[in-house]
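Down below is the structure, laid out as structure tokens.
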Amino acid sequence: MSAEYMHIGIPVLNKKPNMVYNEWGGFWVNESVDEYDYKIEYLKFEEGTRFPEILSKQPHVAYAVDKLEPYIENADQVIFGPEAVDDDRLAFVIKDDAIIELYEAH
């Protein structure tokens, strides 16, 4: 298993400058986490988003992983996914009361 830190996702109530709309997910997000020294992904979820409500209320930490399944099996709870995003796969899990985004790139 291999996991590499990507960003921290922080839900916000108001759009920030340079946010773009992600139609697939139904949320606004800053154009690049690299805009911020701390690799912060700001998210403003819209009504009807495909993501669970908990993501609009609590932050998450995202990791690029080589394979989703071992992390999903080790999670306390799966709250989203796994879901195909283009050629990649995405899942959100809860482990030790923390929300973790798992991103498997191909």
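Over 21 Å between Cα atoms: which of K16/K39; K67/K95; K44/K67; K16/K67 fall into that group?
Numbers: K16/K39 15 Å; K67/K95 17 Å; K44/K67 28 Å; K16/K67 33 Å.
With Cα atoms farther than 21 Å apart: K44/K67; K16/K67.
In percent, rounded to a whole number, the relative contact order of the chain is 26, using alpha-carbon pairs under 8 Å and six or more apart. Beta bridges per DSSP, both residues in the stretch 3-104: antiparallel share near 75 percent.
Taken together, the values in this text are just the output of simple stated rules run on the coordinates, not laboratory data. Values in this document were obtained by computation on a predicted structure and should not be read as measured data.
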